1. I'm checking my understanding of the structure. Among residues of the range 1-20 that are free of Cβ contacts under 8 Å to residues at least 60 places away in the same chain and aromatic (Phe, Trp, Tyr), which one is surrounded by the most Cβ atoms within 10 Å (Cβ to Cβ)?
2. Taking residue 23, is it farther than 23 Å from residue 259 by Cα, buried (at least 18 other Cβ atoms within 10 Å of the Cβ) and either of a type outside the set (Lys, Arg) or free of Cβ contacts under 8 Å to residues at least 60 places away in the same chain (or both)?
3. Whether any residue in the range 216-228 is polar (S, T, N, Q), modelled with pLDDT under 85 and loosely packed, with under 15 Cβ neighbours inside 10 Å is what I want to check.
4. Of the numbered conditions (1) more than 20 Å from the chain's Cα centre (by Cα); (2) at pLDDT below 80; (3) surrounded by fewer than 16 Cβ atoms within 10 Å (Cβ to Cβ), residue 56 satisfies every one except a single condition; which is it?
5. Any residue in the range 192-209 that is within 30 Å of residue 256 (Cβ to Cβ), at pLDDT below 90 and out of contact with any Pro (no Cβ under 7 Å at 6 or more places or on another chain)?
6. Can you go through 160, 144 and tell me which one is at pLDDT below 80 and touching a helix residue (DSSP H, G or I) at 6+ places or on another chain (Cβ under 8 Å)?
7. Would you check if there is a residue in the range 71-94 being touching a Gly at 6+ places or on another chain (Cβ under 6 Å) and modelled with pLDDT of 85 or more?
8. When you check residue 109 against the structure, is it of a type in the set (A, V, I, L, M, F, W, C), within 30 Å of residue 185 (Cβ to Cβ) and either modelled with pLDDT of 90 or more or assigned to a helix (DSSP H, G or I) (or both), yes or no?
Amino acid sequence: MTERASFIEMMTYGFRTLFWRPVHSAVFVAVFGLIMIGYYTWAQSPGGMAFFMGYAEASLGLSTGAIGPYFAAIGQMMLIGLVFGAVHYASGYRVLVREDAKPFLPIQLGRDELNFLLLFLVVGLILLGIVIGSAIIGGIAGVALALALSGGDPDGAIYAGFVTGILVMLPVLYFVGRISVSFPLTIKQRRFTLGGWKASKGMGWSLFFAHLVIYVLLILVQFVLAYDVMMASFTLGADPAAIPDAEALAAQMANPVGDLIWIAGPLQSVLALLMMGPTAAVAAKTAV
């Protein structure tokens, strides 16, 4: 039986945990903050710059049809990201939902992390199916809507396509919010589970909007920390001339925050706890 978590509880759960578990939270923020600082420091080293240079060249090579090097580069980054994500999120959710969590062991490599890796893969495959299905349905609906509303006007067709794209994304994001409750539930129940969908019944839209508000907060913080990089990412599609060369792109990826790495590292750890808060709030009220 799941006690319903309110929208406000979802929004504030991560923030309240900073005060409810100050030692746990401080250790988590300090450890992963230092890891991020170490990462940014390595990224600006000759080895780090060489790594990002290869990735940047592979990314820009897509424009000439060179797909192989890009997939090789992104595959390597995805593998590293999955392992780090499993360790990072398992640590954060232990702070948020596990009653007997040890405050001085934020980094572990055990059953929780293996369960998270399996969850990433299973949820990713399910999500891929939903995205493909939504894209097919949305494509058909988009063409019909464009023909109905545009009347041959290119601007009308673009508007219809934009509206259809948003409508297609809604079920995907709704699903992601609800199924993601499985991650804190896996920590709370100490076993692999996909019970997040059932546990979040009736709370899907609250989860959607709670994540949306916190995500907007993250974007605003990113603009403060890395204004040039964020603006470049928003203007690339609109202005092909703004596409940087490989060296400039590598430099942006290696150090998007400039001289603010000592602030960005701990702050990003705090924001991670806030982002995990909505799903943790639901899991915290779910019976084991």
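1. That would be 20.
2. Working: farther than 23 Å from residue 259 by Cα: yes; buried (at least 18 other Cβ atoms within 10 Å of the Cβ): no; either of a type outside the set (Lys, Arg) or free of Cβ contacts under 8 Å to residues at least 60 places away in the same chain (or both): yes.
Here the answer is no, as residue 23 does not meet what is asked.
3. No, because not a single residue in the range 216-228 is polar (S, T, N, Q), modelled with pLDDT under 85 and loosely packed, with under 15 Cβ neighbours inside 10 Å.
4. Unmet condition: (3).
5. Residues of the range 192-209 within 30 Å of residue 256 (Cβ to Cβ): 207-209.
Among the residues that remain, those that are also at pLDDT below 90 are: none.
Within the range 192-209 (the criterion being within 30 Å of residue 256 (Cβ to Cβ), at pLDDT below 90 and out of contact with any Pro (no Cβ under 7 Å at 6 or more places or on another chain)), the answer is no, since none of the residues qualifies.
6. Details: 144 fails: touching a helix residue (DSSP H, G or I) at 6+ places or on another chain (Cβ under 8 Å).
Going through 160, 144 in turn, just one is at pLDDT below 80 and touching a helix residue (DSSP H, G or I) at 6+ places or on another chain (Cβ under 8 Å): 160.
7. No: the range 71-94 contains no residue that is touching a Gly at 6+ places or on another chain (Cβ under 6 Å) and modelled with pLDDT of 85 or more.
8. Details: of a type in the set (A, V, I, L, M, F, W, C): yes; within 30 Å of residue 185 (Cβ to Cβ): yes; either modelled with pLDDT of 90 or more or assigned to a helix (DSSP H, G or I) (or both): no.
For residue 109, the condition - of a type in the set (A, V, I, L, M, F, W, C), within 30 Å of residue 185 (Cβ to Cβ) and either modelled with pLDDT of 90 or more or assigned to a helix (DSSP H, G or I) (or both) - is not met.
The values are calculated or read from the model by the stated rules, or taken from the named source; none is laboratory data. This one's a predicted model, so the numbers in the text were calculated from it and none came from an experiment. Heads up, the Cβs are rebuilt from the backbone with ideal geometry, glycines too, and the neighbour counts pull from every protein chain shown.
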